[in-house]
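Asks: Mind looking over this structure? Questions follow.
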Amino acid sequence: MLIFRSLVFNFLFYLFVLIYLVVAIPAFLLPPRYMVMVAQIWGRTEVFLARIICGMKLEVRGLENVPPGACLIASKHQSALETFALFPPFSFPTVVLKRELTWIPLFGWGLIKAGMIALDRDAGKEALANLIAQTRAALAEGRQVIVFPEGTRRPVGAEPDYKLGVVQLYASCGVPCVPIALNSGVFWPRRKFLRYPGTVVIEILPPIPAGLPRATFFRRLQDDIETATSRIVAAGIRERDGG
């Protein structure tokens, strides 16, 4: 049943990607906020499908920790679930993502229209300058900028690999940074098609105030995320394995 449910969910997951790409076409004629709203509705739809098909529930904790207005959101990244489940909890989010995604016909155009922040990872120092400029522009619009400090999905239990880019953004933008811990990789393993029943937890942690020294911020960000992630991953593994 696990394999069958996973197959059904994966099929419907990509089917609804296509459906929402069609639904989003009118939003190309409207301000970016409307494209973001389509993404939020799509995210809720995929979360609903994961629950009814795979028994994978989603629990978002700590919404009271999100400050009003613009801020950085620094999230752990373990699975594809974060690419849609992180949109609904925030009012007007944008995501730092690799530029190659914007080259995908229709899907990539939607990312551009929604004001996602495209990072050219081959551009060296120029890439960082462009990233900071795009992030500042998004923050000036009151948006929440979601960044994955490790740059890519990391398997559950892997050693942390935080990049210094998040420190540059924090130091350059002068806004609070909200850390996010999660255990999605326990139930939606990286690069595997199986989807396990259980409770995916996205835990929004207390914000780190603006203005801390770079080293202090970097150490606190990693400690806060990794400590909370270890706790909820352990609980998730016990649930998944029936312990």
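Asks: Filter the cross-link list 98/163; 125/163; 113/163; 76/125 down to pairs whose alpha-carbon distance in this structure exceeds 18 Å.
Replies: 113/163; 76/125
Asks: Pairs of Cα atoms under 8 Å, at least six residues apart: use those to get the relative contact order of the chain, whole percent. Display every interim value, and only then the final one.
Replies: Values: 412 pairs, mean separation 62.6, N = 243.
Reported as a whole number, the value is 26 percent.
Asks: Once you sort the root eigenvalues of the Cα gyration tensor of segment 52-167 as a ≥ b ≥ c, which label holds: rounded (a/c under 1.5), prolate (a/b larger than b/c) or oblate (the other case)?
Replies: rounded
Asks: Which trypsin sites (Lys or Arg not before Pro) in segment 137-204 pass both tests, a DSSP loop state and at most 16 other beta-carbon atoms within 10 Å?
Replies: Answer by residue number: 163, 190, 191, 192.
Asks: Taking the Cα centroid of segment 217-240 and of segment 42-113, what is the distance between the two, rounded to the nearest whole Å?
Replies: For segment 217-240 versus segment 42-113, the Cα centre distance is 19 Å.
Asks: May I have the convex hull volume per residue, in Å³, for the Cα set of segment 1-83?
Replies: Normalising the Cα hull of segment 1-83 by residue number yields 113 Å³.
Asks: Follow-up question, since we're still on this one. Could you compute the FRET efficiency for residue 227 and residue 159, with r as their C-beta to C-beta distance and R0 at 22 Å, rounded to 0.05? Present the calculation step by step, with values, prior to reporting the outcome.
Replies: Numbers: r = 15 Å, r/R0 = 0.67.
For R0 = 22 Å, the calculated efficiency reads 0.90.
Asks: Please sort 212-221, 164-173, 64-73 by packing, taking for each peptide the average over its residues of neighbouring beta carbons within 10 angstrom, highest first. Display every interim value, and only then the final one.
Replies: Values: 212-221: 14.3, 164-173: 18.2, 64-73: 16.2.
Order by mean packing, descending: 164-173, 64-73, 212-221.
Asks: Here's something else I'd like to know. What span do the alpha-carbon atoms of segment 102-191 cover on each of the three principal axes, reported in whole Å from largest to smallest?
Replies: 35, 35, 27
Asks: Gain in length, residue 237 to residue 101, computed as 0.36 nm per residue apart minus the alpha-carbon separation, to one decimal in nm?
Replies: Computed gain between residue 237 and residue 101 is 45.8 nm.
Asks: What spacing in nm lies between the two simple spin-label points modelled at residue 212 and residue 30, each 7 Å away from Cα in the Cβ direction?
Replies: For the pair residue 212/residue 30, the computed spacing is 3.8 nm.
Asks: May I ask you to list the residues of segment 62-99 whose amide nitrogen lies under 19 Å from a point 7 Å from Cα along the Cα→beta-carbon direction of residue 2?
Replies: 79-81
Asks: Here's something else I'd like to know. If each residue of separation counts as 0.36 nm, what is the full-extension length gain between residue 61 and residue 22 once their alpha-carbon separation is subtracted?
Replies: Gain on stretching residue 61 to residue 22: 10.8 nm.
Asks: Among DSSP beta bridges lying fully in segment 2-240, give the percent that are antiparallel, nearest 5.
Replies: Bridges in segment 2-240 are about 15 percent antiparallel.
Asks: In whole Å and largest first, what semi-axes does the C-alpha gyration tensor of segment 142-243 yield when each eigenvalue is scaled by 5 and square-rooted? Intermediate results must be reported in sequence, preceding the final value.
Replies: On the way: eigenvalues 156, 35, 30 Å².
Sorted largest first and rounded, they come to 28, 13, 12 Å.
Asks: 222 nm [θ] for the chain, helices only, -39500 (n - 2.57) per DSSP H run of 4+, per residue, to 500?
Replies: -15000 deg cm²/dmol
Asks: Spin-label point model (7 Å from Cα, Cβ direction): what's the residue 132 to residue 120 distance in nm?
Replies: With each label placed 7 Å out from Cα toward Cβ, I get 1.8 nm.
Values quoted throughout were computed directly from the atomic coordinates according to the rules given, and no laboratory measurement underlies them. Note that this is a predicted model, so its numbers are computed, not measured. Reconstructed Cβ throughout: ideal geometry from the backbone, glycine too, with neighbour counts over all protein chains shown.
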